[in-house]
1. Could you list I380, I139 in order of exposure, starting from the residue whose Cβ has the fewest other Cβ atoms within 10 Å?
2. For segment 147-282, take the alpha-carbon Rg, divide it by the Kirkwood Rh, and send me Rg/Rh.
3. Divide by every residue of the chain the summed helix terms, -39500 (n - 2.57) for each DSSP H run of at least 4, and state the resulting mean residue ellipticity at 222 nm, rounded to the nearest 500 deg cm²/dmol.
4. Could you grab the Rg to Rh ratio for segment 467-513? Cα atoms only, Kirkwood for Rh.
5. Mind checking the full-extension length gain between Q225 and E62? Use 0.36 nm per residue of separation minus the Cα-Cα distance, one decimal, nm.
6. If you take the beta carbon distance between K480 and S511 as r and set R0 to 22 Å, what does 1/(1 + (r/R0)^6) give as a FRET efficiency, to the nearest 0.05?
7. Relative to the present Cα-Cα distance, how much length would full extension add between S232 and R143 at 0.36 nm per residue of separation?
8. Treat the count of other C-beta atoms within 10 Å as a stand-in for reagent exposure and order S145, S463, S21 from fewest to most.
Amino acid sequence: MEEAGDVVLRLGAEGQILFASQRTSELFGAESALTGTPLEKLLAEDDRPALHTAIAAVLAGERNRQFESRFKVANKEIRFELRLSSYISQQASIELLVVGRDMTQQQATEERLRHMATHDALTELPNRLLLSDRIRMVIANARRSGQSFSIATIGLDGFKKVNDGLGHPVGDAVLRIAAARLRKTLRDSDTLARVGGDEFVAILPGTATEAQIKLVTGRLIATLQSPFEVDSHTIYVGASVGVAVYPQHAEEEGRLLALADAAMSLAKETGKARCVVYSQTQSGPPEHDISLEAAMFQAVREGEFLLFYQPIVDARTREIQGFETLMRWKHPTLGMVPPARFIPIAETNGLINLLGAWALKAACVQLKQFEEVAKRPLYISVNISPRQFRNDKFLDVLDDAIAFSGLLGEQLVLEITEGTLMVDPVHAETILSKMTQRKARIAIDDFGTGYSSLAYLKRFPISVLKIDRAFIRDLPGSQKDAAICNAVLDLAKHLDLSVVAEGVETEEQLSYMEQRGCQYIQGYLTGKPMAANIAMAALRESMHLKIVHPDLRQVGK
Ligand code: C2E
Ligand code: MG
Ligand code: MG
């Protein structure tokens, strides 16, 4: 007993201490002072009834009783696990034996584990798990009190550069400092979580009006703007913030986060170091259609996706020059699902990488077949989504498609949007130059609808501008659209870019564009998106027509 590292006590049947081990005396004072004291005096008051119950139980014949109890030591309480049993002493009287194990260590470990499961190890901030819990709590409160609150997604600008350029330890230090600064800016009742490499989310109860949001997010952005001093480096990062408000924008946790995220992407795309509040006019991520999403995975396995081809024709001769591939999903019950419904979902869950790789390869192979029919070179234009563009594997996918089909790189046009370029222009520059090394041409799709910084036309190796059909639709009547189209054509001429007019539906639109020097036309007038076999028929037909009608401009009339 003397050697035991635990608390060991002998008690009389009434619970008074007869003997205390060394360790016990160390904790509670000399043995002489303890002897005769009732054990319960050492326990926290609330825990005394449990002791009495245990004593009664072992006296009534139970072999032993185990229970937790807090000992009062100086000003602290230490949690012990006590085991109580009874025995007959040499004096033939009933005595009790108490063995107590200090739980402090174990408790600390348990707490640490709980903390680790719900916090980010680097910054000690709540992680996604705890965040999601907190958001649900705040929603429940807000629902009851009828109040609103905001969710802000905070993304560090230019963090990747720090990590790549100065190494991960420096990157980690920056994140830790950023976390601390953000935390200090917020109120104690606000939650700040780290949810990704360089992404944080704040829950801001009671912040809902534009003025309030501006104030809080302005502080968040400002605090990250001052330089970070790490290992004698002076580092500048910044932050872009996206905000969604409960219940105006969404009432459900996942949706709120998705909208705040979409708003943050827009903040990044439109200049960084700013805050964008989600607005209904912004095309946020699609309502999460879970049934559609599940069906998509199935559809990939079942081969329900297919490609349509829309002719891109020479504006003057109307001869088919190439095709744009447009994806379709032939759903067994829903029929043809348009890409606007499934591409955004595929973009969110990553399926786009798989679908896009397939589309690219299939389109290249198909073009070879088209050329056999047409007996002349054609080109194929393929849409590349932002996520595909950012994917490290994309260049391999591109190489594979070119090698497998035997196409020349210059027969391939990759369509990307302005937004894709603006997210991370430095990265875009490297990828684009690698694409053009393979001779593929780059087209800017939906030109004029993104957040164009015209500077990128100079910076990036772009060959084609596709004027969005929004500017074509009201031609030639609309003066404003006419002005825009003319300006784009003029710009393209001086920068040596080709122009495709999208969505040409009438003869008037076509001749307007043609007269002003637009070389290429794509639209329902000259050909709707069609299945490959129909496209081949059209190619055959056009060869035939070429012989019969020397002036191709008469054909469509
Ligand atoms: P986009 O690349 O701008 O494609 C042009 C869209 O305009 C197509 O819609 C096409 O059917 C439509 N269109 C063409 N001519 C006319 C016209 O004269 N009038 C009208 N009203 N519409 C016309 P679609 O096929 O529904 O595709 C929508 C968008 O989905 C595409 O816009 C593109 O951004 C995306 N998409 C389609 N296929 C793929 C794909 O394989 N990969 C990726 N990443 N995105 C794709
Ligand atoms: Mg396109
Ligand atoms: Mg387009």
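The numbers here are math on the coordinates, done by the rules we state, and not lab data. These figures come from a predicted structure and were not determined experimentally. So basically every Cβ, Gly included, is an ideal-geometry build from the backbone, and we count neighbours across all protein chains shown.
1. Numbers: I380 25, I139 18.
Fewest-to-most Cβ neighbours within 10 Å comes out as I139, I380.
2. On the way: Rg = 14.5 Å, Rh = 14.9 Å.
Result: Rg/Rh = 0.98.
3. Details: 21 runs with 251 residues, N = 557.
When only DSSP H runs of four or more count, the value is -14000 deg cm²/dmol.
4. On the way: Rg = 10.1 Å, Rh = 10.6 Å.
Looking at segment 467-513, the ratio lands at 0.95.
5. Working: separation 163, 0.36 × 163 = 58.68 nm, distance 6.81 nm.
Taking Q225 through E62 to full extension adds about 51.9 nm, to one decimal.
6. On the way: r = 19 Å, r/R0 = 0.89.
With R0 = 22 Å, the Cβ-Cβ based efficiency is 0.65.
7. Details: separation 89, 0.36 × 89 = 32.04 nm, distance 4.91 nm.
Net length gain for the segment: 27.1 nm.
8. On the way: S145 9, S463 17, S21 21.
Final ranking by Cβ density, sparse to dense: S145, S463, S21.
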